[in-house]
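What follows is one structure encoded as structure tokens, with my remarks underneath.
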Amino acid sequence: MERLASITVGLLLLSACAPPAAYFGKIEPPEEAVLRVGNGADPASLDPHRAPGSVEEQILINLFEGLTEYDPVTLEPIPAVAEAWEVDARAMRFRFHLRRAARWSTGRPVTAWDFVYSWRRALAPETASPNAYLLYYIKNAEAYNTGKLKVRDRRTGRFLRDEFGRDLLLTAEEADRIRRGEGSDAEPRLQRLRRRLEGFVWEAVSLRAEDVGVRALDEHTLEVETEVPTAFFLKLTSLGIYRPVPREAVERHGRAWTRPEHIVSNGPFRLVEFTPGRRVVLEKNPLYWDAARVRLERVIFYPYDEATTLLNLYKGGEVDVLVSGLLPPYALRLLRRTRDYVSGPYLLSYFLLVNVRRPPLDDGRVRRALALAIDRERLCRRLLAAGQQPLGAFTPSDFHGLYPRPKGVAYDPEQARRLLAAAGYPEGRGLRLRYLYNAGALHAQIAEALQAEWRRVFPQIRIELIAQEWQVYLETVRLGDFDLARRSFSADFSDPASFLDSMLSTSPNNPTGWRNPDYDRLVQQANAEPDARRRMALLARAEHVLLEDMPIIPIYSSVASFLRKPYVRGWHANILDRHPLKFVVVERTATAFDLQAVTRAR
Amino acid sequence: MGRYVLKRLLFALPLLWLILTLTFFLVRWAPGKPFRRERALPAEIEAHLDRHYGLDQPWHVQYVNYLRGLARLDFGPSYRYPAVTVRELLWRGLRVSAPIGFAAYALALGIGIPLGMGAALRPRAVWVRALMGLAVFGVSTPNFVLGPLLVLLFSLTLYWVPPAGWGEGRHLVLPVLTLSAAYIAYIARLTQSGLQQALAQDYIRTARAKGLRPRTILLRHALRPALLPVLSFTGPSLAFLLAGTVVIEKIFAIPGLGHFFVQAALNRDYTLILGIVSLTSVLLIVLNLVADIAMARLDPRVTFR
């Protein structure tokens, strides 16, 4: 039904539309310094530690200020609550000097203790934070969060390490069973652990909040110790989960502390309204240390998820900017010609998960043949109008040339045919695969296009397309009941590790059944490598291993694409689609924003 | 009459219980869980969340706990919005959906009844035929087509009213128009046939013979029985309108009960689904009862039993 609605409006929009290279719809800056953002969904929570994703992040990075803030263009860390920092040579000890002027909205200064409290809370098992794993780089954080035990050598008093130089982690059950000498050959992990512990007098130690590697040296100095060298730690400190929460409000109001009447925050804006389904309203925080710089008085986030409705609101001048990914695909070709359209690289890979646990896809040749048979250029050109790029590797970017990304697969039908014939399926005869995706116009189109691509190269292949409702799809993927399943993955922070970590054998985001010890070792080694260039080289080698085995079939890398009214300045396309509103301006004066001129010019 | 009302309400209780029980187990039976998202959670964290919300308990324990809470009118916390309770969401949703529903139905009555009367009294008049044609267009055009058409005309071409949103009076215009369009023709037709029947009755001829004014005959003697079908149609229609209309709320981005119902189902927000189902059921039962009582008031032939 909704699809019909979008098509109706879509057709009418297209027919009633303006000549190319004009602005789209009404251009009238709001009366006051208000920015109205189409944000795509309601925030599930505005608690930085409980917020699951980018919808929430978009709002809460403006409410809570971290040690560092995102640069609005490059997303590199810039000073925020921390005005300066030092890193030791091994990238394991980070010292932050906090700004004395930083204040909570109650007037209380923001201190190093606030960060200690906050990070411990984020990691506390009771908090059940969905993003706690982003803090695991901090010493003892993972052990405290998951309740796992570290192993202490009683003779030296030191923790034992695993083969990657990280402290060894055991579950309580594993520790017990190793002590009792249990564990059959069917449990290689237990075997390995037992071998590792042989000859040691050891004890299993559980870690508490106080053991987490974050300390306040004094009120304005925070010291962080990481588990292993973490050269990219400063890319993490701008993430939502690293931002501080106000102890007094959290302890007094419990789960309700983020309600507008209770919330205390330290960012450039404060929350004045949250009406589920309707809007979230922020207002400038007068106590913010850099308030002079903040030009917006109010910001309204609309949660509407219906792409056509949002587009209508934008055209009608009720919304000033949309976050990326909310434009209806049917209108993209038209919208790309308007001057409102902004696009740029975005760290999101669209790929297929391959179930390597069962035939025929347990055979690497079949996986590779399927990957080689896709003409990604054609797919992107025909189907994806926002400027998505064909993707042969897992990571969608070379990170400004810093990352020697492997080339990956390219279209090679000859080779594909040969491989599949060698695997016993000449022309795809006898090959039946179930392709799983979540119901949605774009995913269905891609699935059909891929089906056609494969059929072109292997005329006898049979691909069964299975569309499922979102939650059912998630469950089916989790249970591994698929041959191929579509998936997209966007980075948490701008680093290849954000992608590659997800394919570790221990990652909950790897439902393919693929595990490769070489891959795990290379990624872990890279994550502990202090030298940035060597680290990137190791990651690239890991990605190469991944692409050799092909437990995923890359399809395309996405782009950030959205609409922005001409009077909005400081909202840029960037690779994570993060927009700190501190830097955004709505121009209303005739000189800064000459509406007449723009309209006449085209 | 008091006894009658009491009896109806007592009969409604087991019905409510049945609806709730079915819903409770059906939603848990559906694949998925409230906290599942594209990024999978580590097993330990999912276990913590389950424990926090009591989802680690067996279904029958959860069920008993839920009914206990419900007895105190406590619908529990929403899984999707941890800082908000289901009761609060229901109240907010109702405060949005109910005005739209009322306004739409009032508009439908306000146009539909006079139109139906016109059609019964002057079936050949040009204005009657034109308006009737329009009403039939309204009822035969699905609202997900009519809504966008109105948006295109009034919001994106003329820029008179906003295309979507909620909070000010101007946001009401398009959803109310769209929603009432489906009811105008129904009401007009019901009024028309009711009135034609009533006018053919013997007591109307008697009234005419007595020399009553045509106006009095029409308004007091003919219209009252003629509107009975409209009234019995009103109960369930109004209940559905007040409980939120999924498609309209989606097209016009209205944060009403229909919107929350869809979201809750998609997110597997168990408590919110149950809350909305119970609210809708109660509304339906109560409004049907009210319609029946009003019928009895209007029609002396109907008695309470």
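The values are calculated or read from the model by the stated rules, or taken from the named source; none is laboratory data. The shown structure was predicted, so the numbers you read here are calculated from the model rather than taken from an experiment. As a convention, Cβ positions derive from the backbone with ideal geometry for all residues, glycine included, and neighbour counts pool all protein chains shown. Only protein heavy atoms, including side chains, enter the accessible area calculation; ligands, DNA and RNA are left aside. Shrake-Rupley method; radii C 1.70, N 1.55, O 1.52, S 1.80 Å.
Can you give the extra length, in nm with one decimal, that the chain gains between B:Tyr203 and B:Phe233 once fully stretched, where that is 0.36 nm per residue apart less the Cα-Cα distance?
On the way: separation 30, 0.36 × 30 = 10.80 nm, distance 2.54 nm.
Full-extension gain reported as 8.3 nm.
Ranking request for peptides A:188-196, B:35-43: highest mean number of other beta-carbon atoms within 10 Å first, then the rest in descending order.
Numbers: A:188-196: 14.3, B:35-43: 17.3.
Listed from highest to lowest mean packing, they are B:35-43, A:188-196.
How high is the FRET efficiency from A:Asp218 to B:Trp59, r the C-beta distance, R0 45 Å, rounded to 0.05?
Computed FRET efficiency for A:Asp218 and B:Trp59 comes out at 0.25.
So, by mean Cβ neighbours within 10 angstrom, what's the order for A:43-49, A:515-521, B:97-103 with the highest one leading?
On the way: A:43-49: 23.7, A:515-521: 16.1, B:97-103: 20.6.
Output ranking for A:43-49, A:515-521, B:97-103: A:43-49, B:97-103, A:515-521.
By definition, a body whose alpha carbon gyration tensor gives a ≥ b ≥ c is oblate when a/c is 1.5 or more and a/b is not larger than b/c, and chain B fits this oblate description. Residue by residue, the stretch B:243-255 carries 3J(HN,Hα) couplings of 6, x, 10, 3, 5, 4, 5, 6, 4, 9, 6, 9, x Hz when phi is fed to the Karplus relation 6.51 cos²θ - 1.76 cosθ + 1.60 (θ = phi - 60°); x denotes Gly or Pro.
Residues of the stretch B:145-162 that become at least 40 Å² less accessible with every protein chain present than in their own chain isolated, using 1.4 Å: which are they? Flagged in the stretch B:145-162: B:Pro148, B:Leu152, B:Leu156, B:Tyr159.
For the protein assembly as shown, which whole percent of the accessible surface, found with a 1.4 angstrom probe, sits on carbon and sulfur atoms? Roughly 55 percent of what the probe reaches on the protein assembly as shown is carbon or sulfur. Both chains summed, the buried accessible area for A and B stands near 4800 Å², from protein heavy atoms and a 1.4 Å probe. Evaluated with a Cβ-only charge set (Lys, Arg +1; Asp, Glu -1), the stretch A:148-206 carries a dipole of roughly 260 debye about its Cα centre, given to the nearest 20. The stretch A:63-109 and the stretch A:311-351 have Cα centres spaced 32 Å apart. Springs join every pair of Cα atoms under 10 Å in this Gaussian network model of chain B, and among B:Ala130, B:Ala209, B:Ala239 the largest mean-square fluctuation is at B:Ala209. Any idea what angle helix B:43-52 forms with the longest principal axis of chain B, computed on alpha-carbon atoms, 0 to 90 degrees, nearest 10? Tilt relative to chain B: about 60 degrees.
Phi angles across the stretch A:519-535 convert, under the Karplus curve 6.51 cos²θ - 1.76 cosθ + 1.60 with θ = phi - 60°, into 3J(HN,Hα) values of 4, 4, 5, 4, 5, 5, 4, 4, 5, 9, 8, x, 7, 4, 5, 5, 4 Hz, Gly and Pro given as x.
Taking the Cα centre of chain A as reference, the dipole from Cβ charges on Lys and Arg (+1) and Asp and Glu (-1) amounts to some 860 debye. With the simple model of a label 7 Å out from the Cα in the direction of the Cβ, A:Glu297 to A:Val73 spans 3.0 nm. Remark: the A:Glu469-A:Asp518 segment gains 14.0 nm on full extension, using 0.36 nm per residue and subtracting the alpha carbon distance. Scalar couplings 3J(HN,Hα) for the stretch A:463-480, obtained by applying the Karplus form with A = 6.51, B = -1.76, C = 1.60 to θ = phi - 60°, are 10, 9, 8, 10, 9, 10, 5, 3, 5, 5, 4, 4, 5, 4, 4, 4, 7, x Hz; x denotes Gly and Pro. Highest mean packing comes first when the peptides B:164-173, A:473-482, A:363-372 are listed by Cβ atoms within 10 Å, giving A:363-372, A:473-482, B:164-173. Placing unit charges on each Cβ (+1 for Lys and Arg, -1 for Asp and Glu) gives the stretch B:1-81 a dipole about its Cα centre, and among B:Met1, B:Leu13, B:Val61 the Cα reaching farthest toward its positive end belongs to B:Met1. Relative to the Cα centre, the charge distribution of the stretch A:43-154, modelled as +1 at Lys and Arg Cβ and -1 at Asp and Glu Cβ, gives a dipole magnitude of about 680 debye.
Between B:Thr191, B:Thr141, B:Thr271, the residue with the greatest mean-square fluctuation in the GNM of chain B (Cα pairs under 10 Å linked by springs) is B:Thr141. Ordered from highest to lowest accessible area with the whole protein assembly present and a 1.4 Å probe, A:Lys407, A:Lys582 read as A:Lys407, A:Lys582. Result for chain B in a Gaussian network model with C-alpha springs under 10 Å: among B:Glu44, B:Glu88, B:Glu249, the largest mean-square fluctuation is at B:Glu44.
Projecting the Cα atoms of B:Gly275, B:Leu41, B:Thr234 onto the charge dipole of chain B (Cβ charges, centred on the Cα centre) puts B:Thr234 farthest toward the positive pole.
Rounded, prolate or oblate for chain A? Axes are the square roots of the Cα gyration tensor eigenvalues, ordered a ≥ b ≥ c, and the cut-off for rounded is a/c under 1.5. The partial results should precede the final answer.
Details: a/c = 2.02, a/b = 1.06, b/c = 1.91.
It is oblate, given that a/c is not under 1.5 and a/b is not larger than b/c.
What is the total of Lys pairs in the protein assembly as shown with C-alpha atoms under 21 Å apart, excluding same-chain pairs fewer than 8 positions apart? For the protein assembly as shown, qualifying lysine pairs total 10.
For the stretch B:39-75, a decrease in accessible area of 30 Å² or greater in the assembled protein chains relative to the isolated chain, with a 1.4 Å probe, applies to B:Arg39, B:Ala40, B:Leu41, B:Pro42, B:Glu44, B:Ile45, B:His48, B:His52.
Within the stretch A:256-280, list the residues whose amide N lies under 12 Å from a label point set 7 Å along Cα→Cβ of A:Leu287. Residues A:263-267, A:270 fall inside that zone.
Out of A:Leu234, B:Thr303, A:Leu335, whose Cα points farthest toward the positive end of the dipole of the protein assembly as shown (charges: +1 Lys, Arg; -1 Asp, Glu; placed on Cβ)? Projecting each Cα onto the dipole axis, the largest value belongs to B:Thr303.
How far is helix B:59-71 tilted off the main Cα axis of chain B, in degrees rounded to 10, range 0 to 90? For B:59-71 against chain B, the angle is about 50 degrees.
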